[in-house]
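Encoded as structure tokens, the structure appears first; notes follow it.
The values are calculated or read from the model by the stated rules, or taken from the named source; none is laboratory data. Note that the structure is a prediction, hence the values are computed from the model and not measured. Here the Cβ is made from the backbone with ideal geometry for all residues, glycine too, and neighbour counts use every protein chain on show. With ligands, DNA and RNA removed, areas are computed over all heavy atoms of the protein, side chains included. Shrake-Rupley method; radii C 1.70, N 1.55, O 1.52, S 1.80 Å.
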Amino acid sequence: MQLDIVRPSFRCPRLPAAFDGIRIAHFSDLHLGFYSRKSVIARLAEAIGRETPDLVLFTGDAVDSEADALREYLPLLASMNGTLGKFAILGNHDYMTRPDLVADMLKVAGFQVLRNGSALVERRGEAIAIVGLDDGLKGFPDPAKGLGGVPDGLFTLLMMHEPDYADTAAAYPFDMQISGHSHGGQVRVPLIGAMLTPPGARRYVMGAYAVGERAMPLYVNRGIGETHLPIRFLCTPELTMMTLRSGNA
Ligand SMILES: [Fe+2]
């Protein structure tokens with residue numbers, strides 16, 4: 001199975017100059033335990049190692065239907081590093097298993113797991129915030145709580161499993177949202193597009209969008225693993241290596 005590395009770039013007016021050019025490795029939807037292939041996860045870890053990103057962000061669905069499936073992948077997940085840290089959220093499939101156990105294992109692998117919580121990341125005396133919300137289908141996302149520890153006016157990146165939540169998030173002071181969950185439709189038909197997308201990924205399926213009146217950037221990663229059917233057709237697993245630029249274009 002191939003791994004596509006997609007390299008979008010976003011202009012973020014509130015991003016501090018110290019973070020100009022920050023490189024983020026974003027992946028999603030491992031669905032471990034469902035026809036997962038160690039080779040794909042190993043390739044993902046190798047690619048992240050080669051890219052030496054500043055941040056590693058994982059937007060949920062570590063496992064498909066059994067929390068324990070994550071255990072044997074912990075060394076690979078532990079090998080993924082960003083110079084400024086690594087963060088994860090849970091997805092609906094994680095919630096359908098034992099979410100606390102999934103979160104604990106992700107912590108063992110070195111991820112800071114954000115569940116309606118935030119973290120500040122500092123670089124050369126300036127800071128940005130990362131907020132991670134609970135899953136929107138099986139959990140209880142609380143943006144006000146997630147933003148609780150974030151000082152006013154700080155550039156804030158939102159990690160949220162379901163991309164369609166961007167319509168809600170755009171009303172809060174998030175500067176951008178990154179998501180997964182859609183699997184890009186998993187099976188894509190030429191000229192028609194995604195064959196099936198789950199609830200929570202009906203409006204925003206893959207790639208970059210500008211959401212709401214203030215055009216909040218949203219990026220939807222196509223994911224790594226499979227669910228329901230062990231096939232991905234015209235929808236290669238994706239590692240996103242995004243670059244954020246500060247200031248106005
Ligand atoms: Fe999902």
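Here are some notes:
- Cα centre as origin, Lys/Arg/Asp/Glu Cβ charges: the chain dipole, Debye: 560
- Shape analysis of the chain based on the Cα gyration tensor places the equivalent ellipsoid semi-axes at 25, 20, 18 Å, largest first.
- Calculated on the Cα set of the stretch 37-113, radius of gyration then Dmax: 11.8, 33 Å.
- Surface composition of the chain: carbon plus sulfur atoms hold 52% of the accessible area, using a 1.4 angstrom probe and ignoring ligands, DNA and RNA.
- The GNM of the chain, with springs linking C-alpha atoms under 10 angstrom apart, assigns the highest mean-square fluctuation among Arg71, Arg115, Arg214 to Arg214.
- Set of lysines near Lys38 by C-alpha distance (under 29 Å), chain-local residues within fewer than 8 positions excluded: Lys86, Lys107, Lys138
- Annotation: per residue accessible area for the chain equals 41 Å², rounded to a whole number [probe 1.4 Å, protein chains only].
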